[in-house]
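Below is one structure, written out as C-alpha coordinates; comments come after it.
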Amino acid sequence: MIRKENRLKKNKHFKYIYKHGEAKHASVVSVCFVKTKYKPNKVGFSVSKKIGKSHIRNKVKRRMRGAYMEFCSNVDKNHNYIFIAKSGIENCTYLQIKQYMIDSLKKAKLYVD
(Lines give C-alpha, C1' and ligand atoms only; values in the text may rest on other atoms or scores of the structure.)
Protein backbone atom coordinates (compact mmCIF):
# COMPACT_ATOMS: atom_id res chain seq x y z
CA MET A 1 0.00 0.00 0.00
CA ILE A 2 1.25 3.46 -0.82
CA ARG A 3 1.97 5.45 2.33
CA LYS A 4 -0.27 8.39 3.16
CA GLU A 5 2.44 11.01 2.69
CA ASN A 6 3.19 9.61 -0.80
CA ARG A 7 -0.35 9.97 -2.18
CA LEU A 8 -1.82 12.79 -4.22
CA LYS A 9 -5.33 13.32 -2.91
CA LYS A 10 -6.51 16.88 -3.44
CA ASN A 11 -7.99 18.03 -6.71
CA LYS A 12 -5.84 21.19 -6.66
CA HIS A 13 -2.68 19.07 -6.61
CA PHE A 14 -3.86 17.09 -9.64
CA LYS A 15 -4.76 20.31 -11.47
CA TYR A 16 -1.36 21.83 -10.69
CA ILE A 17 0.47 18.84 -12.17
CA TYR A 18 -1.76 18.79 -15.25
CA LYS A 19 -1.21 22.52 -15.82
CA HIS A 20 2.51 22.85 -15.06
CA GLY A 21 3.80 19.36 -15.75
CA GLU A 22 5.00 17.38 -18.73
CA ALA A 23 3.44 14.22 -20.10
CA LYS A 24 4.88 11.11 -21.72
CA HIS A 25 2.75 8.39 -23.24
CA ALA A 26 2.82 4.64 -23.69
CA SER A 27 0.06 2.82 -25.53
CA VAL A 28 -2.43 2.52 -22.65
CA VAL A 29 -0.77 4.54 -19.85
CA SER A 30 0.42 8.14 -19.71
CA VAL A 31 2.48 9.74 -16.99
CA CYS A 32 2.24 13.41 -16.13
CA PHE A 33 5.00 14.71 -13.88
CA VAL A 34 6.33 17.90 -12.35
CA LYS A 35 9.53 18.60 -10.43
CA THR A 36 9.05 19.15 -6.70
CA LYS A 37 11.27 20.53 -3.99
CA TYR A 38 9.30 18.87 -1.20
CA LYS A 39 10.05 15.41 0.12
CA PRO A 40 8.72 12.77 -0.14
CA ASN A 41 7.49 12.62 -3.72
CA LYS A 42 3.81 11.96 -4.39
CA VAL A 43 1.91 9.83 -6.86
CA GLY A 44 -1.69 9.76 -8.07
CA PHE A 45 -3.70 7.55 -10.40
CA SER A 46 -6.44 8.65 -12.78
CA VAL A 47 -8.91 6.37 -14.54
CA SER A 48 -11.63 8.00 -16.64
CA LYS A 49 -15.25 6.90 -16.76
CA LYS A 50 -14.61 6.07 -20.43
CA ILE A 51 -12.70 2.97 -19.29
CA GLY A 52 -15.70 1.06 -17.98
CA LYS A 53 -17.98 0.57 -15.04
CA SER A 54 -16.80 1.25 -11.50
CA HIS A 55 -15.59 -2.26 -10.73
CA ILE A 56 -13.42 -2.22 -13.88
CA ARG A 57 -11.99 1.22 -13.05
CA ASN A 58 -11.22 0.11 -9.49
CA LYS A 59 -9.51 -3.04 -10.76
CA VAL A 60 -7.35 -0.96 -13.11
CA LYS A 61 -6.42 1.44 -10.30
CA ARG A 62 -5.52 -1.45 -7.98
CA ARG A 63 -3.28 -2.95 -10.65
CA MET A 64 -1.60 0.41 -11.33
CA ARG A 65 -0.98 1.00 -7.61
CA GLY A 66 0.40 -2.50 -7.18
CA ALA A 67 2.70 -2.13 -10.17
CA TYR A 68 3.96 1.22 -8.92
CA MET A 69 4.74 -0.27 -5.52
CA GLU A 70 6.98 -2.87 -7.18
CA PHE A 71 9.16 -0.36 -9.02
CA CYS A 72 8.83 2.77 -6.86
CA SER A 73 12.41 2.41 -5.61
CA ASN A 74 13.63 2.87 -9.23
CA VAL A 75 11.73 6.12 -9.80
CA ASP A 76 13.28 9.59 -9.56
CA LYS A 77 12.27 10.97 -6.14
CA ASN A 78 12.41 14.64 -7.24
CA HIS A 79 9.12 14.54 -9.14
CA ASN A 80 5.41 14.11 -8.43
CA TYR A 81 3.54 11.78 -10.80
CA ILE A 82 0.07 11.10 -12.10
CA PHE A 83 -0.46 7.88 -14.02
CA ILE A 84 -3.38 8.21 -16.43
CA ALA A 85 -5.13 5.14 -17.82
CA LYS A 86 -6.23 5.23 -21.44
CA SER A 87 -8.83 3.12 -23.21
CA GLY A 88 -7.71 -0.43 -23.82
CA ILE A 89 -6.10 -0.82 -20.40
CA GLU A 90 -9.07 -2.80 -19.12
CA ASN A 91 -8.00 -5.68 -21.41
CA CYS A 92 -4.35 -5.69 -20.24
CA THR A 93 -2.85 -8.02 -17.69
CA TYR A 94 -1.07 -6.83 -14.57
CA LEU A 95 2.38 -7.42 -16.08
CA GLN A 96 1.47 -5.52 -19.25
CA ILE A 97 0.23 -2.54 -17.20
CA LYS A 98 3.44 -2.58 -15.18
CA GLN A 99 5.56 -2.63 -18.35
CA TYR A 100 3.58 0.23 -19.94
CA MET A 101 4.05 2.32 -16.79
CA ILE A 102 7.79 1.65 -16.82
CA ASP A 103 7.97 2.46 -20.55
CA SER A 104 6.29 5.82 -20.03
CA LEU A 105 8.73 6.64 -17.21
CA LYS A 106 11.68 5.58 -19.36
CA LYS A 107 10.52 7.94 -22.12
CA ALA A 108 10.57 10.73 -19.54
CA LYS A 109 14.05 9.59 -18.40
CA LEU A 110 12.76 9.24 -14.82
CA TYR A 111 13.25 5.50 -14.40
CA VAL A 112 16.57 4.31 -13.01
CA ASP A 113 17.52 0.66 -13.49
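The values are calculated or read from the model by the stated rules, or taken from the named source; none is laboratory data. These numbers come from a predicted model, not from an experiment. Note that each Cβ is placed from the backbone with ideal geometry, even for glycine, and that neighbours are counted across all protein chains shown. Calculation scope for accessible area: heavy atoms of the full protein, side chains included, ligands and nucleic acids excluded. Shrake-Rupley method; radii C 1.70, N 1.55, O 1.52, S 1.80 Å.
Quick look at the values:
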item: Neighbour net charge for Tyr94 - beta-carbon separation under 13 angstrom, K R +1, D E -1; result: +4
item: Probe 1.4 Å - accessible area at Tyr111, Å² to nearest ten; result: 40
item: Rg over Rh [alpha-carbon atoms, Kirkwood Rh] for the stretch 45-94; result: 1.00
item: Burial ranking of peptide ranges 97-108, 39-50 (average Cβ count within 10 Å, highest at the top); result: 97-108, 39-50
item: Mean separation of Cα contacts under 8 Å (6+ apart) over length of the stretch 9-113, as relative contact order %; result: 39
item: Rounded tilt (10° steps) of 11-20 against the dominant C-alpha axis of the chain; result: 70
item: Distance between modelled label sites at Phe71 and Tyr16, nm, 7 Å Cα→Cβ extension; result: 2.7
item: Separation of the Gln99 and Lys50 label points, Cα + 7 Å toward Cβ, nm; result: 2.5
item: Residue-by-residue Karplus 3J(HN,Hα) for the stretch 61-72, coefficients 6.51, -1.76, 1.60, Hz, glycine and proline x; result: 5, 4, 5, 5, 5, x, 5, 4, 4, 6, 10, 5
item: Share of carbon and sulfur in the accessible heavy-atom surface of the stretch 1-105 [1.4 Å probe, %]; result: 52
item: Fraction of antiparallel bridges per DSSP, the chain only, in percent to nearest 5; result: 65
item: Å² per residue, accessible surface of the stretch 1-81 at 1.4 Å; result: 64
item: Computed magnitude of the charge dipole of the chain (debye, nearest 20; Cβ of K, R +1, Cβ of D, E -1); result: 620
